[in-house]
1. Can residue 94 be described as out of contact with any helix residue (DSSP H, G or I) (no Cβ under 6 Å at 6 or more places or on another chain), at pLDDT 95 or above and farther than 14 Å from residue 11 by Cβ?
2. Wholly within the range 1-83, which strands (runs of 3 or more DSSP E) include no fewer than the required count, namely at least 1 residues that are surrounded by 15 or more Cβ atoms within 10 Å (Cβ to Cβ), within 16 Å of the chain's Cα centre (by Cα) and free of Cβ contacts under 8 Å to residues at least 12 places away in the same chain?
3. Collect the residues in the range 106-135 that are surrounded by 12 or more Cβ atoms within 10 Å (Cβ to Cβ) and modelled with pLDDT under 90, keeping them in residue-number order.
């Protein structure tokens, strides 16, 4: 089975200095190409492009397994070991969790470990893991 190709996601940020600090130092992502108004990061094997934007947005939420999940968010599915290590790294750096690390949909087909954080520009990121990676797309 071939691994999935990397995805590319461009998203708005308020400033590049705090974005570089969060994605580079806090999350440990390697910086790629950049210009005056954007910077790319290797986000766990995927390409993120942070673009300066002056627009502010309201962030609606949906209830998911008793959490208010930001409708607009992105993230990555990690191995359980990498997920646990990242959660611990963020705790050590005293990063505030939007949704604390926990197991969602316990005992169901989609059981997963998850947590949410916000970057300095207010973008919501979700990090998740499955004890059984084969359940990523499994339905009821």
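The values are calculated or read from the model by the stated rules, or taken from the named source; none is laboratory data. This one's a predicted model, so the numbers in the text were calculated from it and none came from an experiment. Cβ atoms come from the backbone with ideal geometry, glycine included; neighbour counts cover every protein chain shown.
1. Yes: the conditions hold for residue 94.
2. Working: elements: 8-13, 30-35, 38-43, 46-52, 61-64, 67-70, 73-78.
Output list reads 38-43.
3. 108, 110, 135
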